[in-house]
1. Quick one: is Pro87 farther than 25 Å from Ser135 by Cβ and in a strand (DSSP E or B)?
2. Which of the residues spanning region 130-143 are in contact with a Leu (Cβ under 9 Å, 6 or more places away or on another chain) and not aromatic (Phe, Trp, Tyr)?
3. Let me spell it out: the conditions are (1) within 21 Å of Arg8 (Cβ to Cβ); (2) assigned to a helix (DSSP H, G or I), and Ala35 meets all of them except one. Which number is the exception?
4. Condition test on Ala95, is it in contact with a Phe, Trp or Tyr (Cβ under 6 Å, 6 or more places away or on another chain) and modelled with pLDDT of 95 or more?
5. Given the criteria in contact with a strand residue (DSSP E or B) (Cβ under 8 Å, 6 or more places away or on another chain), among the charged types (D, E, K, R), surrounded by fewer than 18 Cβ atoms within 10 Å (Cβ to Cβ) and over 20 Å from Leu26 (Cα atoms), does Lys86 qualify?
6. Just one of Val123, Val129, Val94 is assigned to a strand (DSSP E or B) and β-branched (Val, Ile, Thr); which is it?
Amino acid sequence: MSKASTIRVLRADYANPAHASALVSLLDAYASDPAGGSEPLSDFAKAHLVPSLAARPQAYSVLAFDGDAPVGLVNCIEGFSTFACKPLVNVHDVAVLASHRGQGVAARMLALAETLAIERGAVKLTLEVLSGNTSACKLYERIGFVGYQLDPSMGTASFMQKWLS
């Protein structure tokens, strides 16, 4: 049996202590990775992440397990497309432990995230990715993500941020 076939992918149950622990540990590992900013989660985020997600009906997460060991996470937040007048789902975090990268884990988690978005009536999935994360960029393109644009003469959109005090 191949290693990929031993991976279970499922929607996270925020009330399940094993899922909650997996979510925090995987997001902390991702945050500590250069692709996630190289800074571990704060103690505040670790303590409040799962209850805060659970309090938001527009949030859902997908987990991947290899046996009992958590190996992957996707966090999704529903937004709204004003042009389509329908929900959209932003894939906010995609994390796979280094030990399981290149085995199709992220693609399987994103497939479930897409199915759940469709069940919500979402018109599209969105995500942002660092241009230097070439393996992630290749995966996203392979599974159908493209740069956002309306009129090609206006170019593609840039993701920007402004920290609030």
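The values are calculated or read from the model by the stated rules, or taken from the named source; none is laboratory data. None of these values were measured; they are calculated from a predicted model. Backbone-built Cβ (ideal geometry, glycine too); neighbour counts: all protein chains shown.
1. Details: farther than 25 Å from Ser135 by Cβ: yes; in a strand (DSSP E or B): yes.
Yes.
2. First pass over region 130-143, keeping only residues in contact with a Leu (Cβ under 9 Å, 6 or more places away or on another chain): 136-137, 139-140, 143.
Within region 130-143, Ala136, Cys137, Leu139, Ile143 qualify.
3. Going through (1) within 21 Å of Arg8 (Cβ to Cβ); (2) assigned to a helix (DSSP H, G or I) one by one, Ala35 breaks only (1).
4. Numbers: in contact with a Phe, Trp or Tyr (Cβ under 6 Å, 6 or more places away or on another chain): yes; modelled with pLDDT of 95 or more: yes.
Criteria met by Ala95.
5. Values: in contact with a strand residue (DSSP E or B) (Cβ under 8 Å, 6 or more places away or on another chain): yes; among the charged types (D, E, K, R): yes; surrounded by fewer than 18 Cβ atoms within 10 Å (Cβ to Cβ): yes; over 20 Å from Leu26 (Cα atoms): yes.
In short, yes.
6. Working: Val123 fails: assigned to a strand (DSSP E or B); Val129 fails: assigned to a strand (DSSP E or B).
So the residue among Val123, Val129, Val94 that is assigned to a strand (DSSP E or B) and β-branched (Val, Ile, Thr) is Val94.
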